[in-house]
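Report on the following structure.
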Amino acid sequence: MKESEWKNAVVYQIYPKSFNDTNGDGIGDLPGIIAKLDYLKDLGIDIIWLSPFFPSPMADNGYDISDYQGIEPSFGTMEDMDRLLFEAYRRDIRIVIDLVLNHTSDEHDWFKESSASLDNPKRDWYIWRSGDGNGGPPNNWRSNFGGSAWEWDERTNQYYLHVFDKKQPDLNWENKDMRKAIYQMIHWWMKKGVAGFRVDAITYIKKNKEFPSFEADGSDGMVTIDKGSLNQPGIKKHLQELKEKGFRHDEVFTVAEAPGVPADEIEDYIGEHGFFTMLFEFDHVDLDLTASAKWYEMKEWTVHDFKKPLFDSQRRLQEGWSALYIENHDQPRSLSRFIHEGFRHTHSAQMLAAVYFLMKGTPYIYQGQEIGMTNVEYPDISSYNDAVSRHQYDYALANGCSEEEALAFIWKRSRDNTRTPMQWDDSQQGGFTEGSPWLETNSNYPEVNVKTVKAASNSLYTFYQKLIAFRKHTAVAPIIEKGAFQALFEEDDHIVAYKRTYENQEITLYANFTAERVPVSFNEENRQVIVSNNDGLGPDSLWLEPYDFVIFSNVHYEW
Ligand code: GLC
Ligand code: CA
């Protein structure tokens, strides 16, 4: 994909397991995605990012891959995949796939060989160590999914390292043969016709080779694995090689999931000679977490916590490009998390969409975001599938929370909030399946579903459609692509506002990010209101009602 193409593109993320089931087994599938391509075309998106669809024991819903070059049988076949690539291409939609390179499943053949014996040729493809000599693991690193990051394997009496679940052993990026096998796999997918990759958890691939224990940061005596495994010195050598030998040429679209990159190193990642096309940043979505990332210690957030990291990132990007998002499969639904109860309607959802869509970068829409899907509240932890939620629930109980309190944190933060089945219509199970879904459908599907939302006047769906078209309009695209970014009302703790300027053209957005009525004075004489979710707003208005937004411009545009 050429730079000019992805710079004007909008990406739609599909979580295959939850998108559309065509054979009644309760599991979304590739034919189900093909059946909805016209829906996506109508929305106006250009690129689909497909979360993993490879064979997997599903300990982490496909992020535990047991064969990089196959298709999970419950999702379909390789013929289905080829058909999806073709049918998407025919509609001018490109497919970007998830590359999970930090780890595989423990059921991958590579790991089966590696774990078989100490002298197996693939032994060194994973990270094996003996215990600490006192019957414990090699060090005190805590995995991201809870518990020790080391798992004992009695076949060879050693431990293997896993940053995530124990069914996700980490690959050893110091091993050249392993890296070569990864690059070949990447070439194979490129030859098949994928346009690019979303590169999973990539800042974890380099480990501190000494594997030292660090001072504990929790009552479990352990320390977050980030200390020894996140963005470690030496990682850039691996990333440079991945770019040169894996992606090979500049026309491959790559978006990195790259937590932990310090602001002053971002240029290395996405600058002109950077490792990736763009990367996901996290501060604006992790605004309710403390450093320990424990959900039972969640903190109150302010409008500053949301806008400051976004604005800082926009200002930092000179040559670079951003991946703009407010939802994905690891985050709660944006309506439930950013908007006060009682205000979670089309009006506020339109404001959320407008706020991130006019920044410099490529906007991502997560399935269901375009119809205002919300968090789910299962009455019991047993209904949850997400491994992280179950660990977090246990942490909360172990730290003195009652079951009700622990559950309340899961309601807020669970990754299942965005993994519930897509709501297509008001028929049983929201039209996702004729069987019983792998994860319970959100009970609000009779009101919140594609069919009902699309039929409503002034709907959220139509708004996204128009917002996408707006970004791409020839008079507007250069402002979005090249325009300078200027934050407005920066100290204000209610309003999110910014201006984009290119040559003598401007677009300005003002949004009230709170449930209060706030006074405002625009500086927009002679400017046209392009669109607002409050018809009464104009350059002379004095107030923004809760969650109002307005976009002004000196470019003429018929919304
Ligand atoms: C990424 C994915 C997440 C997954 C983890 C391990 O953070 O987005 O869903 O659990 O990597 O692969
Ligand atoms: Ca199915």
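Looking at (1) among the β-branched types (Val, Ile, Thr); (2) open to solvent by 10 Å² or more (accessible area, probe 1.4 Å); (3) assigned to a helix (DSSP H, G or I), which is the one condition that is false for residue 480?
Of everything listed in (1) among the β-branched types (Val, Ile, Thr); (2) open to solvent by 10 Å² or more (accessible area, probe 1.4 Å); (3) assigned to a helix (DSSP H, G or I), residue 480 misses just condition (2).
Give the residue that is nearest to ligand 1 (Cβ to nearest atom), with candidates limited to residues of region 75-120 that are surrounded by 16 or more Cβ atoms within 10 Å (Cβ to Cβ) and β-branched (Val, Ile, Thr).
The extreme case among them is 100.
Checking the structure you have, find out if any residue of region 501-517 is of a type in the set (Gly, Ala, Ser), touching a residue at least 24 places away in the same chain (Cβ under 8 Å), under 20 Å from residue 368 (Cα atoms) and more than 16 Å from ligand 2 (Cβ to nearest atom).
no
Restricting attention to region 124-136, which residues are at negative phi and either open to solvent by 30 Å² or more (accessible area, probe 1.4 Å) or touching a residue at least 60 places away in the same chain (Cβ under 8 Å) (or both)?
Across region 124-136, the qualifying residues are 124, 127, 129, 130, 131, 132, 134.
I need the full set of residues from region 11-49 which are polar (S, T, N, Q), open to solvent by less than 40 Å² (accessible area, probe 1.4 Å) and assigned to a loop (DSSP other than H, G, I, E, B), in order please.
Across region 11-49, the qualifying residue is only 20.
If a residue has to be assigned to a loop (DSSP other than H, G, I, E, B) and under 22 Å from residue 173 (Cα atoms) to count, how many in region 253-271 make the cut? Write out each step before concluding.
Pass one, region 253-271, residues assigned to a loop (DSSP other than H, G, I, E, B): 258-262, 271.
Subsequent filtering for residues that are under 22 Å from residue 173 (Cα atoms) retains 258-262.
Looking only at that region, the number is 5.
Could you tell me which numbered condition residue 391 fails, if it satisfies all but one of (1) away from ligand 2 (no atom under 16 Å from the Cβ); (2) open to solvent by less than 10 Å² (accessible area, probe 1.4 Å); (3) touching a residue at least 40 places away in the same chain (Cβ under 8 Å)?
Checking residue 391 against (1) away from ligand 2 (no atom under 16 Å from the Cβ); (2) open to solvent by less than 10 Å² (accessible area, probe 1.4 Å); (3) touching a residue at least 40 places away in the same chain (Cβ under 8 Å), the one that fails is (2).
Give just the number: which of (1) out of contact with any helix residue (DSSP H, G or I) (no Cβ under 8 Å at 6 or more places or on another chain); (2) in contact (Cβ under 8 Å) with a residue 24 or more places away in the chain; (3) in a loop (DSSP other than H, G, I, E, B); (4) within 27 Å of residue 303 (Cα to Cα) does residue 466 not satisfy?
Going through (1) out of contact with any helix residue (DSSP H, G or I) (no Cβ under 8 Å at 6 or more places or on another chain); (2) in contact (Cβ under 8 Å) with a residue 24 or more places away in the chain; (3) in a loop (DSSP other than H, G, I, E, B); (4) within 27 Å of residue 303 (Cα to Cα) one by one, residue 466 breaks only (3).
Go through region 8-56 and give me each residue that's of a type in the set (Ser, Thr, Tyr) and touching a Gly at 6+ places or on another chain (Cβ under 6 Å).
Step one: filter region 8-56 for residues of a type in the set (Ser, Thr, Tyr), giving 12, 15, 18, 22, 39, 51, 56.
Correct list: 18, 22, 56.
Please give the strands (runs of 3 or more DSSP E) falling wholly within region 137-239 in which 3 or more residues are open to solvent by less than 10 Å² (accessible area, probe 1.4 Å).
196-200
Give the residue, chosen from 292, 336, 382, that is over 18 Å from residue 496 (Cβ atoms), surrounded by fewer than 21 Cβ atoms within 10 Å (Cβ to Cβ) and without any contact (Cβ under 8 Å) to a residue 12 or more places away in the chain.
382
Take region 425-439 and flag every residue that is acidic (Asp, Glu) and in contact with a Pro (Cβ under 8 Å, 6 or more places away or on another chain).
426 - this is the single residue of region 425-439 that is acidic (Asp, Glu) and in contact with a Pro (Cβ under 8 Å, 6 or more places away or on another chain).
Give me the residue from region 414-435 that is within 16 Å of ligand 2 (Cβ to nearest atom) and in a helix (DSSP H, G or I) and, out of that set, least open to solvent (accessible area, probe 1.4 Å).
Step by step, filter region 414-435, then rank; the result is 430.
Which condition breaks for residue 258 when tested against (1) over 20 Å from residue 63 (Cα atoms); (2) of a type in the set (A, V, I, L, M); (3) in contact with a Ser or Thr (Cβ under 7 Å, 6 or more places away or on another chain)?
(1)
What's the number of the only condition in (1) at positive phi; (2) assigned by TED's automatic domain parsing to the domain that holds residue 372; (3) open to solvent by less than 40 Å² (accessible area, probe 1.4 Å) that residue 448 fails to meet?
Failed condition: (1).
Of these, 502, 498, which one is of a type outside the set (S, T, N, Q), within 22 Å of residue 538 (Cβ to Cβ) and touching a helix residue (DSSP H, G or I) at 6+ places or on another chain (Cβ under 8 Å)?
498
Quick one: residue 451 ticks every box in (1) at pLDDT 95 or above; (2) under 30 Å from residue 4 (Cα atoms); (3) basic (Lys, Arg) bar one, so which box is it?
Answer for residue 451: the failing condition is (2).
Residue-by-condition table, conditions (1) of a type outside the set (Ser, Thr, Tyr); (2) at pLDDT below 95; (3) more than 16 Å from ligand 2 (Cβ to nearest atom); (4) farther than 30 Å from residue 231 by Cα:
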{"residue": "20", "(1), (2), (3), (4)": "yes, no, no, yes"}
{"residue": "39", "(1), (2), (3), (4)": "no, no, yes, yes"}
{"residue": "43", "(1), (2), (3), (4)": "yes, no, yes, yes"}
{"residue": "71", "(1), (2), (3), (4)": "yes, no, no, yes"}
{"residue": "76", "(1), (2), (3), (4)": "yes, no, no, yes"}
{"residue": "83", "(1), (2), (3), (4)": "yes, no, no, yes"}
{"residue": "109", "(1), (2), (3), (4)": "yes, no, yes, no"}
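Regarding region 85-101, can at least one residue be identified that is within 13 Å of ligand 2 (Cβ to nearest atom) and modelled with pLDDT of 95 or more? Let's see the steps before the verdict.
Of all residues in region 85-101, those within 13 Å of ligand 2 (Cβ to nearest atom) come to none.
For region 85-101, residues within 13 Å of ligand 2 (Cβ to nearest atom) and modelled with pLDDT of 95 or more: absent.
I'd like to know if region 326-343 contains one or more residues that are assigned by TED's automatic domain parsing to the domain that holds residue 298, of a type in the set (Val, Ile, Thr) and in contact with a helix residue (DSSP H, G or I) (Cβ under 6 Å, 6 or more places away or on another chain).
So far as region 326-343 goes, yes, one or more of its residues are assigned by TED's automatic domain parsing to the domain that holds residue 298, of a type in the set (Val, Ile, Thr) and in contact with a helix residue (DSSP H, G or I) (Cβ under 6 Å, 6 or more places away or on another chain).
The values are calculated or read from the model by the stated rules, or taken from the named source; none is laboratory data. Since the structure is predicted, the reported quantities are computational estimates derived from the model, not experimental observations. Because the Cβ atoms are built from the backbone with ideal geometry, glycine has one as well, and the counts that use them run over all protein chains shown. Ligands, DNA and RNA are stripped out before the accessible areas are found, and what is left, the full protein with its side chains, is counted by its heavy atoms. Shrake-Rupley method; radii C 1.70, N 1.55, O 1.52, S 1.80 Å.
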